[in-house]
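Trainee: If you scroll down you'll find the structure; I have some questions about it.
The values are calculated or read from the model by the stated rules, or taken from the named source; none is laboratory data. Model, not experiment: these values are computed from the prediction. Here the Cβ positions follow ideal geometry from the backbone for every residue, glycine too, while neighbour counts run over all protein chains shown. Just so you know, the surface numbers come from the protein's heavy atoms only, side chains and all, with ligands and any DNA or RNA stripped out. Shrake-Rupley method; radii C 1.70, N 1.55, O 1.52, S 1.80 Å.
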Amino acid sequence: MCKNPLVQEKILQEIRDVTSSHERTTDVNGFVQSINEEALDQMQYLHAALSETLRLYPPVPVDMRCAENDDILADGHRVKRGDNVYYLAYAMGRMTYVWGQDAEEFKPERWLKDGGFQPESPFKFISFHAGPRICLGKDFAYRQMKTVSMVLLHFFRFKMADEKSNVRYKRMLTLHIEGGLHLHAIPRTST
Ligand code: HEM
């Protein structure tokens, strides 16, 4: 998000509109109490920005299933009992034939229509898996991500510690950043 300063400012504006807070609010507890169910539901741009983040950086970048029986996939591909079938959520989030020519761009607006969040099929936005074994904690995860983002972005602006640093991943089953992502958190009240 810190590579997209405009996105941070758009989220901040939405936070201020939804919670009626203003830039001089320094009472953390009071601000946290203003984040209720209704406020979370109204944070449509933030919901879009988080979805866009998970599209491009899925925490589970590769997942697999094992065929219980011989089967034929929707594209005609045959699988035998015991075959492992993998899908790459990381690659799927970047495929132009799935997301269009701007697939690699971070663009929360692609999730919005008339300011409202438009969900995609989970088979397209695969970051939470899809079908009967879809992530059971999806709604809870959004709620947590939204609450934490609202508090952090209300009080701080984030900047990469080194704008020129080359952010690399660790090769793992879950998506981690090699050496961590070093940021500066600048208190909003100091600007
Ligand atoms: C951004 C956050 C999260 C992401 C991207 C995510 C993603 C996923 C994915 C890809 C799977 C399928 C894994 C597989 O079967 O191979 C999964 C399953 C699951 N997730 Fe999440 N998850 C998130 C947060 C959470 C949270 C916060 C909870 C609990 C509160 C949770 C609970 C579960 C459970 C119980 C399953 C197993 C569902 C089943 O097999 O029927 N997840 N999640």
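Trainee: Which one of the conditions (1) open to solvent by less than 50 Å² (accessible area, probe 1.4 Å); (2) closer than 17 Å to Ser34 by Cα; (3) near the ligand (Cβ under 10 Å from one of its atoms) does Gln144 fail to meet, given that it meets all the rest?
Mentor: (1)
Trainee: Is it the case, given these coordinates, that Ala39 is in contact with a Pro (Cβ under 8 Å, 6 or more places away or on another chain) and either surrounded by 15 or more Cβ atoms within 10 Å (Cβ to Cβ) or of a type in the set (A, V, I, L, M) (or both)?
Mentor: So Ala39 does not fit the description; no.
Trainee: Filter segment 67-81 for residues that are within 21 Å of His129 (Cβ to Cβ), at pLDDT 95 or above and not acidic (Asp, Glu) and give the result. First the steps, then the outcome.
Mentor: Within segment 67-81, the subset within 21 Å of His129 (Cβ to Cβ) is 67-69, 71, 73-75, 77, 79.
If we keep only those that are at pLDDT 95 or above too, we end up with 67-69, 71, 77, 79.
Hits for segment 67-81 are Ala67, Asn69, His77, Val79.
Trainee: Limited to segment 51-65, what total is found for residues that are near the ligand (Cβ under 8 Å from one of its atoms) and aliphatic (A, V, I, L, M)? If you could, list the steps in order and put the result at the bottom.
Mentor: First pass over segment 51-65, keeping only residues near the ligand (Cβ under 8 Å from one of its atoms): 54, 58-60, 63-65.
Next, from what is left, pick out any that are aliphatic (A, V, I, L, M): 54, 60, 64.
Of the residues in segment 51-65, 3 are near the ligand (Cβ under 8 Å from one of its atoms) and aliphatic (A, V, I, L, M).
Trainee: Now a separate question. Those residues that are open to solvent by less than 40 Å² (accessible area, probe 1.4 Å) and assigned to a strand (DSSP E or B), I need them from segment 116-128; list them, please.
Mentor: Gly116
Trainee: What about Leu136, is it within 16 Å of the ligand (Cβ to nearest atom), at pLDDT below 95 and either out of contact with any strand residue (DSSP E or B) (no Cβ under 6 Å at 6 or more places or on another chain) or not in a strand (DSSP E or B) (or both)?
Mentor: Values: within 16 Å of the ligand (Cβ to nearest atom): yes; at pLDDT below 95: no; either out of contact with any strand residue (DSSP E or B) (no Cβ under 6 Å at 6 or more places or on another chain) or not in a strand (DSSP E or B) (or both): yes.
In short, no.
Trainee: Follow-up. I'd like to know if segment 93-113 contains one or more residues that are hydroxyl-bearing (Ser, Thr, Tyr) and either within 16 Å of the ligand (Cβ to nearest atom) or open to solvent by less than 60 Å² (accessible area, probe 1.4 Å) (or both). Show your work before the answer.
Mentor: Looking only at segment 93-113, we keep the residues that are hydroxyl-bearing (Ser, Thr, Tyr), and these are 96-97.
Filter again for either within 16 Å of the ligand (Cβ to nearest atom) or open to solvent by less than 60 Å² (accessible area, probe 1.4 Å) (or both), leaving none.
No, the conditions are met nowhere in segment 93-113.
Trainee: Still on this structure, please answer the following. Restricting to segment 11-36, count the residues that are surrounded by fewer than 16 Cβ atoms within 10 Å (Cβ to Cβ) and within 22 Å of the chain's Cα centre (by Cα).
Mentor: Residues meeting the conditions: 5.
Trainee: Here is a follow-up. Please go through segment 139-152 and give me each residue that is over 13 Å from Thr53 (Cβ atoms) and in contact (Cβ under 8 Å) with a residue 60 or more places away in the chain, ordered by number.
Mentor: Once the filter is applied, which keeps residues that are over 13 Å from Thr53 (Cβ atoms) and in contact (Cβ under 8 Å) with a residue 60 or more places away in the chain, segment 139-152 yields Arg143, Thr147, Met150, Val151.
Trainee: Right, another one. For segment 155-166, which positions are open to solvent by less than 60 Å² (accessible area, probe 1.4 Å) and either touching a helix residue (DSSP H, G or I) at 6+ places or on another chain (Cβ under 8 Å) or closer than 20 Å to Pro59 by Cα (or both)? Show your work before the answer.
Mentor: Taking segment 155-166 as the starting set, the residues that turn out to be open to solvent by less than 60 Å² (accessible area, probe 1.4 Å) are 155, 158, 160-161, 165.
Across segment 155-166, the qualifying residues are Phe155, Phe158.
Trainee: Are any of the residues in segment 81-88 open to solvent by less than 40 Å² (accessible area, probe 1.4 Å) and either within 12 Å of Arg55 (Cα to Cα) or away from the ligand (no atom under 12 Å from the Cβ) (or both)?
Mentor: Within segment 81-88 (the criterion being open to solvent by less than 40 Å² (accessible area, probe 1.4 Å) and either within 12 Å of Arg55 (Cα to Cα) or away from the ligand (no atom under 12 Å from the Cβ) (or both)), the answer is no, since none of the residues qualifies.
Trainee: Of the numbered conditions (1) under 18 Å from Val148 (Cβ atoms); (2) away from the ligand (no atom under 16 Å from the Cβ); (3) open to solvent by 30 Å² or more (accessible area, probe 1.4 Å), Leu73 fails exactly one; give the number of that condition.
Mentor: (1)
Trainee: Does Leu6 meet the test of being open to solvent by 80 Å² or more (accessible area, probe 1.4 Å) and modelled with pLDDT under 95?
Mentor: yes
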